[in-house]
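Each remark here refers to the structure printed beneath this line.
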Amino acid sequence: QVELVESGGGLVQPGGSLRLSCAASGSILSIGVMGWYRQSPGKQRELVARITSGGLTNYLDSVKGRFTISRDNAKNTVYLQMNSLKPEDTAVYYCNAKGLIITRNLFDSWGQGTQVTVSS
């Protein structure tokens, strides 16, 4: 079983920065992709950014140039550096990881969610 633990959310003013972290643990053989999703009340959950095992990245158009996703493979950890934050970035942010456990079964795991609030 693969568990994801998130940290780093909080309250910031517009223009401020936050760094989210997500650490994966369990019987992991490989992680194909890790990503960050977010959801606001009344809105559908959307992909914010993702990074593959080969280092390829994708970003939501509205966060390009402001957010950077990165990883530390030795720690099975993914980060999301968020700069120039806007009120519309306010949401619960969820970490996701997909890959293989030691038995070569697929896993698709989610973190518990961390609140990011951008407000004056």
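The values are calculated or read from the model by the stated rules, or taken from the named source; none is laboratory data. As the structure is a prediction and not an experimental result, all values here were calculated from the model. Here the Cβ positions follow ideal geometry from the backbone for every residue, glycine too, while neighbour counts run over all protein chains shown. Calculation scope for accessible area: heavy atoms of the full protein, side chains included, ligands and nucleic acids excluded. Shrake-Rupley method; radii C 1.70, N 1.55, O 1.52, S 1.80 Å.
Tabulated values for the structure
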read-out	value
When residues of segment 55-88 are limited to those that are of a type in the set (D, E, K, R) and farther than 20 Å from SER40 by Cβ, the one farthest from the chain's Cα centre (by Cα)	LYS75
Per-region count, segment 75-110, residues among the charged types (D, E, K, R) and open to solvent by less than 60 Å² (accessible area, probe 1.4 Å)	1
Verdict on ILE51 being within 15 Å of TRP110 (Cβ to Cβ) and of a type outside the set (Gly, Ala, Ser)	no
Residues being small (Gly, Ala, Ser), open to solvent by 50 Å² or more (accessible area, probe 1.4 Å) and closer than 15 Å to PRO87 by Cβ - total across segment 1-46	2
Strands (runs of 3 or more DSSP E) within segment 64-114 that include 1 or more residues touching a residue at least 24 places away in the same chain (Cβ under 8 Å) and over 18 Å from SER25 (Cα atoms)	67-72, 77-82, 91-101
The one condition in (1) more than 19 Å from LEU18 (Cα to Cα); (2) open to solvent by 70 Å² or more (accessible area, probe 1.4 Å); (3) in contact with a strand residue (DSSP E or B) (Cβ under 6 Å, 6 or more places away or on another chain) that ARG71 fails to fulfil	(1)
Condition check for THR52: among the polar types (S, T, N, Q) and within 12 Å of the chain's Cα centre (by Cα)	no
